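Since the structure comes first, as structure tokens, the remarks are kept for the end.
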Amino acid sequence: MHDSGTGGSPSLGNFALFPYAGCPGDDVNSCNYPKKSRKTKFVNSTLKASPGYFGLQLLSGVQVDMTAAHHTSLFRFKFPATDQSGNASSPLILMDLTDLSDSRQDNGTVTVDGTTGRMTGNARFLPSFGTGNYVAYFCADFSGGTIRDNGIFANSRASADVKTLTISRSINGYPLPGGAFVRFNWPGDNAILARVGVSLISSDQACSSAEREIPDFDFAATQKAAEDMWREKISPIVVSRKGLNDSMLKNFYSGIYRTFVNPQDYTGEHPLWKSDEPYFDSFYCIWDLFRSQMPFLTVVDPATVARQIRSLIDTYRHEGWLPDCRMSLCKGYTQGGSNADNVLADAYLKGISDDIDWQIGYEAVVKDAEVEPYDWCCEGRGGLDSWKSLGYVPVQDFDYKGFGTMTRSLSRTLEYSYNDFVITKIAAGLGGRQDDVEKYTARSGNCKLSQ
């Protein structure tokens, strides 16, 4: 539930945990719950990060280590013997219904089991760079400590007598703080582990994924499995260390690592339509990634690219358009052309074909070129009448058929030219479409006319 490199406001970061060594006066009402006021600095020298792992120590003395499986996070908390006030530690772990970008809408819900401490719930959120909203679900379990009590918090107050909360967004634009907590007896030198499963289907599915992926709360085994997956992913790339210092090598592999973070495989985790095709999300965003990331992935991971192409085409089948950007089950905004066309063409020309229906793929890119959507903020192309008749998209274009951001006249003209050019390459390869080859070849020359 994270996006990488959004270029704007941060997104996701749903269902965050926050650890306290104890509450002042040993009173759960006295802990500082709202995220803006509870924030705690960390010790910079303790930061450690590697694929599948992140760790740090807070100034409160709490050490936090994190690792993950595909649908599940595993946290390891080690608590000092005393809290910052010098009182005996009674650790409390909070589950926050507020996401990273404070986009939570009405009716965030959480329930905590009074015996086991299991927390389940969901909330509705907004995407970071698109339209609509989405609902995410979670399931949190704890291991390694003796539970003292648990309950919910709303705004700045908490109660161990109440186990269920449904909370509104509030009336002032900022989501009202709310969530659940579980408090432990101090575990000594032992760690308390928290396992958080997430789902876009249900809390039950979040629980079952967590139980399947991390059944025994084994931090070392989970971290090793994550490391092994990453090693396999980057194994096609071998670098000679001759003439390279460690800093350059680290930068290189860090860049490689980031190319694999998005798009994300949400197959089996989207409620929008029923399909046997893969579903990838966080195409963030195709007008950028078609230039560098996707061509790179066609070389080092063509099998995954094939699945991503199938996902793009399946999105067209069910929503009528190829996305130019997509996140959190929502349509993302466009920034000019219909650049999924470029991704499809690049894969087609490189012979990536595993289970891809290129006939439907071609139908999708031609629709981008010929049909203007009513709302071209988020799909297709605007200004197509001018594009076809004038050969460019003018400033203050008279466009009454569809609506979007009336800017980027030059860049849209250039991108439409390239989009039409790549259509010619698919058309020529599929055969029997010479008229299309000639038409889109002529249109692709519009970039010269606009110079």
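The values are calculated or read from the model by the stated rules, or taken from the named source; none is laboratory data. Just so it is clear, the model here is predicted, and its values are computed rather than measured. Cβ: placed from backbone, ideal geometry, glycine included. Neighbour counts: every protein chain shown.
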Residues of segment 213-253 being basic (Lys, Arg) and within 22 Å of the chain's Cα centre (by Cα), which ones?
Arg231, Lys233
So, in segment 43-54, of the ones that are assigned to a strand (DSSP E or B) and within 21 Å of the chain's Cα centre (by Cα), which residue ends up nearest to Arg258 (Cα to Cα)?
Ser50
Wholly enclosed helices (runs of 4 or more DSSP H) of segment 276-353 bearing at least 3 residues more than 27 Å from Val437 (Cβ to Cβ)
293-300, 302-319
Tell me whether segment 9-28 contains one or more residues that are charged (D, E, K, R) and in contact (Cβ under 8 Å) with a residue 12 or more places away in the chain.
yes
Looking only at residues in segment 124-145 that are modelled with pLDDT of 95 or more and among the hydroxyl-bearing types (Ser, Thr, Tyr), which one is farthest from Gly404 (Cα to Cα)?
Ser143
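Quick check: is even one residue across segment 362-384 over 30 Å from Pro278 (Cβ atoms) and surrounded by 13 or more Cβ atoms within 10 Å (Cβ to Cβ)?
Looking for residues that are over 30 Å from Pro278 (Cβ atoms) and surrounded by 13 or more Cβ atoms within 10 Å (Cβ to Cβ), one finds at least one in segment 362-384, hence yes.
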Take segment 77-115 and flag every residue that is part of a strand (DSSP E or B), under 21 Å from the mean Cα position of the chain (by Cα) and under 22 Å from Leu56 (Cα atoms).
Met95, Asp96
The residue that is farthest from the chain's Cα centre (by Cα), considering only those in segment 146-156 that are over 23 Å from Asn190 (Cβ atoms) and at pLDDT 95 or above, is Gly151
Out of Ala158, Ala154, Ala210, I need the residue that is farther than 29 Å from Leu329 by Cα and either not charged (D, E, K, R) or not assigned by TED's automatic domain parsing to the domain that holds Asp27 (or both). Which one?
Ala158
Selected residue [closer than 13 Å to Thr72 by Cβ and either of a type outside the set (Gly, Ala, Ser) or touching a helix residue (DSSP H, G or I) at 6+ places or on another chain (Cβ under 9 Å) (or both)] from Val239, Val198:
Val198
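For every residue, the table says whether it meets (1) in contact with a Ser or Thr (Cβ under 8 Å, 6 or more places away or on another chain); (2) at pLDDT below 95; (3) of a type in the set (Phe, Trp, Tyr); (4) more than 22 Å from Asp99 (Cα to Cα).
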| position | (1), (2), (3), (4) |
| --- | --- |
| Asp3 | yes, yes, no, no |
| Phe15 | no, no, yes, no |
| Phe18 | no, no, yes, no |
| Asp26 | yes, yes, no, yes |
| Ala81 | yes, yes, no, yes |
Within segment 301-318, is there a residue that is free of Cβ contacts under 8 Å to residues at least 24 places away in the same chain, surrounded by fewer than 13 Cβ atoms within 10 Å (Cβ to Cβ) and out of contact with any Lys or Arg (no Cβ under 6 Å at 6 or more places or on another chain)?
no
I'd like to check something: does segment 430-442 contain any residue that is surrounded by 14 or more Cβ atoms within 10 Å (Cβ to Cβ) and either within 18 Å of Gly380 (Cα to Cα) or touching a Leu at 6+ places or on another chain (Cβ under 6 Å) (or both)?
yes
Go through segment 251-275 and give me each residue that's assigned to a helix (DSSP H, G or I) and either on the phi > 0 side of the Ramachandran plot or in contact with a Gly (Cβ under 9 Å, 6 or more places away or on another chain) (or both).
Arg258
Just checking, does segment 345-360 include any residue being surrounded by 23 or more Cβ atoms within 10 Å (Cβ to Cβ), under 26 Å from the mean Cα position of the chain (by Cα), modelled with pLDDT under 95 and closer than 30 Å to Tyr266 by Cβ?
no
For segment 172-212, give me each residue that is of a type in the set (Gly, Ala, Ser), surrounded by fewer than 18 Cβ atoms within 10 Å (Cβ to Cβ) and within 26 Å of the chain's Cα centre (by Cα).
Gly173, Ser202, Ser208
Given the options Gly382, Gly432, name the one that is outside any helix (DSSP H, G or I) and either under 22 Å from Trp358 (Cβ atoms) or in contact with a helix residue (DSSP H, G or I) (Cβ under 7 Å, 6 or more places away or on another chain) (or both).
Gly432
